[in-house]
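Trainee: Sharing a structure here in structure tokens format.
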Amino acid sequence: NLLAQFNQSKNSDVSPPPPIWMPSKNDLEKALNNHELLLHFQPQVNLNTGLVNRVEALVRWHHPQHGLIYPDKFIPLAEQEGLIDQLTQQVIEMAIWEWQAWWLDNKEMNLSINISANNICNHDFPEYLIRLFHDNGLPASQLSLELTESQLMMQWGTSLDTLTRLRMNGFSLSIDDF
């Protein structure tokens with residue numbers, strides 16, 4: 001009886017949760033145009049030295065009304081709506097800007113960035129990265145591009161050429177969530 005009374009009083013005082021907001025293509029386009037994306041950097045530690053030797057750039061969306069939006073809410077949308085190349089380019093450019101500042105401050109570390117299999121299927125992607133690194137005087141060998149195993153396997157035939165061109169130009173490749 002006590003549990004039943006407790007549940008009745010608890011349920012009567014609680015309002016229903018607000019509906020879950022799902023972004024639209026227009027929301028994401030606006031976010032990209034207004035530079036609402038931001039990066040969080042996850043340190044990766046060398047277990048032999050105990051020092052941070054790499055950081056992984058993790059994208060977040062700082063929405064003006066809905067706060068911090070995690071990538072699981074907008075990356076699939078970006079892939080579906082053809083916005084993933086623009087999103088990835090913004091992430092790479094923001095990450096490189098931060099990375100260059102650390103190098104100038106003598107904090108030498110490598111950088112990892114997650115990319116979509118859709119990026120790998122874009123034959124212009126390697127040229128974009130090569131040009132970006134060349135124009136900024138950055139060593140390609142210190143960037144690791146991470147793809148999830150499942151994405152890579154689904155796009156294996158299409159992506160092999162792009163992956164080869166990236167490796168031949170010194171970029172590191174990594175399978176994430178292997």
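Trainee: Pick out, in residue order, every one of the GluC sites (Glu not before Pro) in the stretch 93-141 that is DSSP loop and has at most 15 other C-beta atoms within 10 Å; say none if there are none.
Mentor: On the way: sites: Glu93, Glu98, Glu108, Glu127; in loops: Glu108.
Passing sites in the stretch 93-141 are Glu108.
Trainee: Given +1 on the Cβ of Lys and Arg, -1 on the Cβ of Asp and Glu, and no further charges, what dipole in debye does the stretch 28-178 carry about its Cα centre, rounded to the nearest 20? Could you put the intermediate results ahead of the total?
Mentor: Details: 8 positive and 19 negative charges, 47 e Å.
That gives a dipole near 220 debye.
Trainee: Follow-up question, since we're still on this one. Just reorder Trp97, Trp156, Trp102, Trp61 by solvent-accessible area, largest first, 1.4 Å probe, all chains present.
Mentor: On the way: Trp97 170, Trp156 115, Trp102 55, Trp61 0 Å².
The most accessible residue leads, giving Trp97, Trp156, Trp102, Trp61.
Trainee: Please check: in the Gaussian network model of the chain (C-alpha springs, under 10 Å), which one of Arg60, Arg165, Arg131 has the largest mean-square fluctuation.
Mentor: Looking only at Arg60, Arg165, Arg131, the largest GNM fluctuation is found for Arg131.
Trainee: Add -39500 (n - 2.57) for each DSSP H run of 4 or more in the chain, then divide by its residues: what number comes out at 222 nm, to the nearest 500 deg cm²/dmol?
Mentor: Calculated at 222 nm, the ellipticity per residue is -14000 deg cm²/dmol.
Trainee: Of Leu145, Ile130, His66, whose Cα points farthest to the positive end of the dipole of the chain (charges on the beta-carbon: +1 Lys, Arg; -1 Asp, Glu; origin at the Cα centre)?
Mentor: After comparing all options, I get His66.
Trainee: Take Val52, Val59 and sort them by solvent-accessible surface of the protein heavy atoms, 1.4 Å probe, largest at the top. Don't jump to the answer; show the numbers that get you there.
Mentor: Working: Val52 65, Val59 15 Å².
I get Val52, Val59, largest accessible area first.
Trainee: Provide Asp176, Asp161 ordered by accessible surface of protein heavy atoms (probe 1.4 Å), highest first.
Mentor: Working: Asp176 40, Asp161 75 Å².
Largest accessible area first, the residues go Asp161, Asp176.
Trainee: Continuing with this model, one more query. To the nearest 10 square angstrom, what accessible area does Asp72 show with a 1.4 Å probe?
Mentor: 110 Å²
The values are calculated or read from the model by the stated rules, or taken from the named source; none is laboratory data. Only a predicted model underlies this, so the values are computations on that prediction, with no experimental measurement involved. All Cβ positions, glycine included, derive from the backbone under ideal geometry; neighbour counts span all protein chains shown. Ligands, DNA and RNA are excluded from the accessible area calculation, which covers all protein heavy atoms including side chains. Shrake-Rupley method; radii C 1.70, N 1.55, O 1.52, S 1.80 Å.
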